[in-house]
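Worksheet: one structure, shown below.
The values are calculated or read from the model by the stated rules, or taken from the named source; none is laboratory data. Keep in mind that this is a model prediction, so the values were computed, not measured. With ideal geometry, Cβ positions are generated from the backbone for all residues, glycine too; neighbour counts draw on all protein chains shown. Only protein heavy atoms, including side chains, enter the accessible area calculation; ligands, DNA and RNA are left aside. Shrake-Rupley method; radii C 1.70, N 1.55, O 1.52, S 1.80 Å.
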Amino acid sequence: MENALSWRTLAPGDQLYSFSGYITNRVLDGIAAGIEDVLAARSETNKSYRKIFGIFVEMAQNIIFYAPDRVEIPNDEAGFGTLSISTDGDHVRIHASNEVLPHQKEQLEKIFSQIKGQSSDEIGRLYKQRMLETFDDPNSRGGGLGYFDIARKSTRPIEFGFELLDNGKSVFHVSAWV
Amino acid sequence: MTDIIAAQTSKTPEISFDADTNTLRIVGKSYPEDLYAFWQPVTDQVQTLLNARDALFTFEFALTYHNSGTTRVIINFIKDAERILSESSRQIRIKWYFDPEDEQTEEQGEDYRDLCDGVTFELIGQEVS
């Protein structure tokens, strides 16, 4: 059945959480608080809940702020995407999927080409370098610092990929493990 | 006397200023919906406070989580502090509190400490409520 699941449906595996749909700041507000409490209370996640929470929030905000499938709503933002937290052996996997426009795909490929295959020490160094670029350039919005942060927090190499859609957009998938 | 600059919410920290000790405290989580809408007024007010007196100015951060957007804000605080130090004889220090079990916040504190040149940056491991 796994192969029959599309990115819009809930991810397979031992789910702790999964969410698919238009994610808003208000949605994040509710689920983040609940997730933090549950992860902090469960024995398999209570030592690592802060990192899981941190990765989840970065991924969720990327969808809310940047996912191109959007609904204009008053006093909030809504971007379409999928988020899940699942157990994977000894690890907890945090996964996000959302559509991206061609220029967003290009930016992401640039970021991930730097991260891919690097040791955790090297990723830590890249994160700090990106932080310094932010420090030196007043106009920088720190492009991609969030993904370097996710990669640094992940205890296994992060995985990412793109699926090209007929409409020229792609679906972007990213997973991190703690 | 302590002034509350911003009250705590689920996504934003409490920010207060103690005029007696010239200390700005930032406590809680920071992953605001609109980074600049939340932080810009705070940053402006901090500028005013930093320039108001010659006394030692202390930043106290006790964040349990902050996102990568907030990292940019913290870097700007450090950058401003470094600039003021280079232009005057004023003293500025930053205290970074972290829960000893919170590796993530400790590591982030170490990164910020490495950015500091003239500013004194102390990492303090203690239970953060």
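List of remarks:
- Some residue of region B:98-114 being more than 14 Å from every other protein chain (Cβ to nearest Cβ) and touching a residue at least 12 places away in the same chain (Cβ under 8 Å): no
- Members of region B:116-127 that are within 14 Å of the chain's Cα centre (by Cα) and either open to solvent by less than 50 Å² (accessible area, probe 1.4 Å) or not β-branched (Val, Ile, Thr) (or both): B:CYS116, B:VAL119, B:PHE121, B:GLU122, B:LEU123, B:ILE124
- Flag: B:ARG93 matches the condition of being more than 10 Å from every other protein chain (Cβ to nearest Cβ) and either farther than 19 Å from A:GLN129 by Cα or part of a loop (DSSP other than H, G, I, E, B) (or both).
- A:LEU164 vs. criteria among the aliphatic types (A, V, I, L, M), open to solvent by 60 Å² or more (accessible area, probe 1.4 Å) and within 12 Å of another protein chain (Cβ to nearest Cβ): no
- B:ALA81 satisfies every condition listed in (1) touching a strand residue (DSSP E or B) at 6+ places or on another chain (Cβ under 6 Å); (2) farther than 21 Å from B:GLN8 by Cα; (3) open to solvent by 10 Å² or more (accessible area, probe 1.4 Å) except (3).
- Once region B:6-21 is narrowed to residues that are open to solvent by less than 40 Å² (accessible area, probe 1.4 Å) and not in a loop (DSSP other than H, G, I, E, B), the residue that is farthest from B:ALA81 (Cα to Cα) is B:ALA6.
- Put simply, of A:ARG130, A:ARG50 the only residue that is more than 16 Å from the chain's Cα centre (by Cα), within 27 Å of B:PHE77 (Cβ to Cβ) and open to solvent by less than 50 Å² (accessible area, probe 1.4 Å) is A:ARG130.
- Failed criterion for B:ILE78 (all others in (1) among the hydrophobic types (A, V, I, L, M, F, W, C); (2) at the interface with another protein chain (Cβ under 9 Å from one of its Cβ atoms); (3) in contact (Cβ under 8 Å) with a residue 60 or more places away in the chain hold): (3)
- Checking B:ALA37 against (1) open to solvent by 70 Å² or more (accessible area, probe 1.4 Å); (2) without any contact (Cβ under 8 Å) to a residue 12 or more places away in the chain, the condition it does not meet: (1)
Here is a yes/no grid of residues against (1) in a helix (DSSP H, G or I); (2) at pLDDT below 95; (3) of a type in the set (A, V, I, L, M):
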{"position": "A:THR87", "(1), (2), (3)": "no, yes, no"}
{"position": "A:VAL92", "(1), (2), (3)": "no, yes, yes"}
{"position": "A:GLN114", "(1), (2), (3)": "yes, yes, no"}
{"position": "A:ASP121", "(1), (2), (3)": "yes, yes, no"}
{"position": "A:TYR127", "(1), (2), (3)": "yes, yes, no"}
{"position": "A:GLY142", "(1), (2), (3)": "no, yes, no"}
{"position": "A:GLY146", "(1), (2), (3)": "yes, yes, no"}
{"position": "A:SER175", "(1), (2), (3)": "no, no, no"}
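- Every condition in (1) more than 9 Å from every other protein chain (Cβ to nearest Cβ); (2) closer than 23 Å to B:TYR31 by Cα; (3) buried (at least 17 other Cβ atoms within 10 Å of the Cβ) holds for B:GLY69 except the one numbered (1).
- Tally of residues being hydrophobic (A, V, I, L, M, F, W, C) and either part of a strand (DSSP E or B) or within 14 Å of chain A (Cβ to nearest Cβ) (or both) across region B:22-58: 8
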